[in-house]
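No lab work stands behind these numbers, since they all come straight from the coordinates. Please read all numbers here as calculations on a predicted model, not as lab measurements. Positions of Cβ are generated from backbone atoms using ideal geometry, with glycine treated the same way; all protein chains shown enter the neighbour counts.
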Amino acid sequence: MPPEWRAGARLFNAGQWWEAHEAWEERWKAAQGDERACLQALILLAASLHKRWAHGSLTHRNYDKAQKYLGALPARYGGIDLEALNGEVWAALHQAGLRPQLPLPGFSEGG
């Protein structure tokens, strides 16, 4: 797993969603294809959680934007069950204390 992916996943799992977004951003800027779409989706999901719990936003604009990128990817990408993660994020947007988790062991580039 590229170091940026792992660093972002650790931060995401700790509920440090804005920091996860920042950790993924440089890799996202250089990425192409499915990797770029996946990183964009992860960044938007992290931003949606940050806005909800750090700023009290009840809108789901970033979550909704992430759906475009998730829809272009297979249900599993890079060792992540994107479908399950998406559902976990949706639940966490509505219930304080829930923390969606990204897998760390076995995480790989590509499908």
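The single condition among (1) without any contact (Cβ under 8 Å) to a residue 24 or more places away in the chain; (2) of a type outside the set (K, R); (3) touching a strand residue (DSSP E or B) at 6+ places or on another chain (Cβ under 9 Å) that C38 does not satisfy is (1). Entry remark, the stretch 45-85: residues being of a type in the set (A, V, I, L, M, F, W, C) and more than 20 Å from G97 (Cβ to Cβ) number 7 in total. Pairs are defined by a Cβ separation below 8 Å, a sequence spacing of at least 6 or placement on different chains, a first member in the stretch 59-80 that is on the phi > 0 side of the Ramachandran plot and surrounded by 17 or more Cβ atoms within 10 Å (Cβ to Cβ), and a second member that is hydroxyl-bearing (S, T, Y) and not in a helix (DSSP H, G or I); the pairs so defined are G78/S108; G79/S108. Once the stretch 1-31 is narrowed to residues that are among the acidic types (D, E) and farther than 20 Å from H55 by Cβ, the residue that is surrounded by the most Cβ atoms within 10 Å (Cβ to Cβ) is E4. Of the residues making up the stretch 27-77, those that are more than 18 Å from R10 (Cα to Cα), of a type in the set (S, T, N, Q) and assigned to a helix (DSSP H, G or I) are N62, Q67.
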